[in-house]
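The values are calculated or read from the model by the stated rules, or taken from the named source; none is laboratory data. Model, not experiment: these values are computed from the prediction. Note that each Cβ is placed from the backbone with ideal geometry, even for glycine, and that neighbours are counted across all protein chains shown.
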Amino acid sequence: METCLFDAIIVGGSYAGLSAALQLGRARRRILVIDEGLRRNRFAATSHGFLGQDGRAPNAIADDAREQLLRYPTVEWLNDRAEQACGSQDDFTITTAGGGSFSARRLLLALGVTDDLPDVAGLQERWGRSVFHCPYCHGFELDQGEIGVIASSHHSMHQALLLPDWGKTTLVLNGCFEPDEEQREQLDERGVTIEPGKIDRIEKNADLHLEDGRVLNFAGLFVLPQPRIAVPLANQLGCELEDALYPFIKTGFTQETSVPGVFACGDAARAAGSVAVAVGDGNVAGAALHQSLVFRKPEKRDQVAT
């Protein structure tokens, strides 16, 4: 790959990064997308709720988007893991696991997150198949069957109160959470059954085997994972974080971070998301990044190779 100063480097080539890259490619800006190929929803067979793409395989959506993006002549793609980030506006450097070093006037962090799951035997291998975290993405396909919510913290109340619109719901406390009187009243109003037992393992599609020997059969299970930003580039650059359900990169309405010239979008830049939301975030971030190149006086002379 030719050594040059890119207009922008986008770290992360999933839905948010692809969407941002598309705006910049269409603006004829020279950009580099660095992606290690680990989309958050790679465990799911289908994606739902994205207008015009409902029910498609997640990899098919991403593959089509990448093919369309790479038709733009100023876009370059690198399959690698970005490991180090440093510099300031108009002079950022990204170093990759493969030993590459790349410079850009702007950075866009579409880093994604990694979901840390509760330590329940059988959960990991069913993640995205019969165990989910987003009812809007996967609730309808359970066809109003019985739904189990595995508590992982007090935030599991949110899932338990939402899910009765998709099926009869049971909140399995699993020793992680004890609802207070007011919360129990809220669950009762929504028709949610409280199961105080602890889980030994999950078998078949979504059968919960409890430690006391009982087996609870469900059409599907929901659990809140503990997400973490996939790579520490934001910390290395000094980007301010916010903490809601998990720490995420703080951005303004243009998706710019607290560090001038660094933008962020997707699941690493909000406390919740979906394919549709990630695409929207990326669209805003890509356009805003382009305009920052146009309307801000650069600190250094533009050295982009021609």
**OP:** Quickly run through segment 85-109 and pick out the residues that are in contact with a helix residue (DSSP H, G or I) (Cβ under 9 Å, 6 or more places away or on another chain), assigned to a strand (DSSP E or B) and surrounded by 15 or more Cβ atoms within 10 Å (Cβ to Cβ).
**Re:** Ala85, Gly87, Phe92, Ile94, Arg105, Arg106, Leu107, Leu108, Leu109
Original post:
Any chance segment 283-299 includes a residue that's within 30 Å of Val131 (Cβ to Cβ), assigned by TED's automatic domain parsing to the domain that holds Ala82 and in contact (Cβ under 8 Å) with a residue 24 or more places away in the chain?
Top reply: no
**OP:** Filter segment 233-257 down to residues that are crowded, with 18+ Cβ neighbours inside 10 Å, touching a Ser or Thr at 6+ places or on another chain (Cβ under 9 Å) and hydroxyl-bearing (Ser, Thr, Tyr), then give me how many there are.
**Re:** 2
**OP:** Could you tell me whether segment 62-81 includes any residue that is out of contact with any helix residue (DSSP H, G or I) (no Cβ under 7 Å at 6 or more places or on another chain) and polar (S, T, N, Q)?
**Re:** yes
**OP:** Among the residues of segment 1-39, write down those that are on the phi < 0 side of the Ramachandran plot, assigned to a loop (DSSP other than H, G, I, E, B) and crowded, with 23+ Cβ neighbours inside 10 Å.
**Re:** Gly13, Ser14, Arg29
Original post:
Of everything in segment 151-194 that's touching a Phe, Trp or Tyr at 6+ places or on another chain (Cβ under 7 Å) and part of a helix (DSSP H, G or I), which residue is farthest from Phe218 (Cα to Cα)?
Top reply: Ser156
Original post:
Does Ala230 satisfy the criteria of being in contact (Cβ under 8 Å) with a residue 12 or more places away in the chain, crowded, with 16+ Cβ neighbours inside 10 Å, small (Gly, Ala, Ser) and over 25 Å from Ala82 (Cβ atoms)?
Top reply: no
Subject >> Residues located in segment 65-84, provided they are under 22 Å from the mean Cα position of the chain (by Cα) and more than 16 Å from Ala16 (Cβ to Cβ) >> reply: Glu67, Leu78, Asn79, Asp80, Arg81, Glu83, Gln84
**OP:** Kindly establish whether Gln236 is outside any strand (DSSP E or B) and within 23 Å of the chain's Cα centre (by Cα).
**Re:** yes
**OP:** Select, from Val223, Val215, the only residue that is surrounded by fewer than 19 Cβ atoms within 10 Å (Cβ to Cβ) and of a type in the set (A, V, I, L, M).
**Re:** Val215
Subject >> Considering residues of segment 195-205 that are in contact (Cβ under 8 Å) with a residue 24 or more places away in the chain and part of a loop (DSSP other than H, G, I, E, B) only, the residue nearest to the chain's Cα centre (by Cα) >> reply: Asn205
Original post:
Within segment 67-76, can one find any residue that is part of a helix (DSSP H, G or I), free of Cβ contacts under 8 Å to residues at least 40 places away in the same chain and under 28 Å from Gly99 (Cα atoms)?
Top reply: yes
**OP:** State the number of residues belonging to segment 166-195 that are surrounded by fewer than 12 Cβ atoms within 10 Å (Cβ to Cβ) and closer than 21 Å to Gly122 by Cα.
**Re:** 0
**OP:** Please identify the pairs in which a residue from segment 251-269 that is assigned by TED's automatic domain parsing to the domain that holds Ser19 has its Cβ atom under 6 Å from the Cβ atom of a residue that is surrounded by fewer than 19 Cβ atoms within 10 Å (Cβ to Cβ) and among the charged types (D, E, K, R), counting only partners at least 6 apart or on another chain.
**Re:** Ser258/Glu240
Subject >> Yes/no for Ile199 being more than 27 Å from Leu51 (Cα to Cα), surrounded by 18 or more Cβ atoms within 10 Å (Cβ to Cβ) and at pLDDT 95 or above >> reply: yes
**OP:** Looking only at segment 116-138, count how many residues are part of a strand (DSSP E or B) and under 18 Å from the mean Cα position of the chain (by Cα).
**Re:** 4
**OP:** For segment 113-128, state whether one or more residues are closer than 30 Å to Ser292 by Cα and touching a helix residue (DSSP H, G or I) at 6+ places or on another chain (Cβ under 6 Å).
**Re:** yes
**OP:** Please go through segment 27-63 and pick out each residue that is of a type in the set (Asp, Glu) and either closer than 30 Å to Glu83 by Cβ or touching a residue at least 60 places away in the same chain (Cβ under 8 Å) (or both).
**Re:** Asp35, Glu36, Asp63
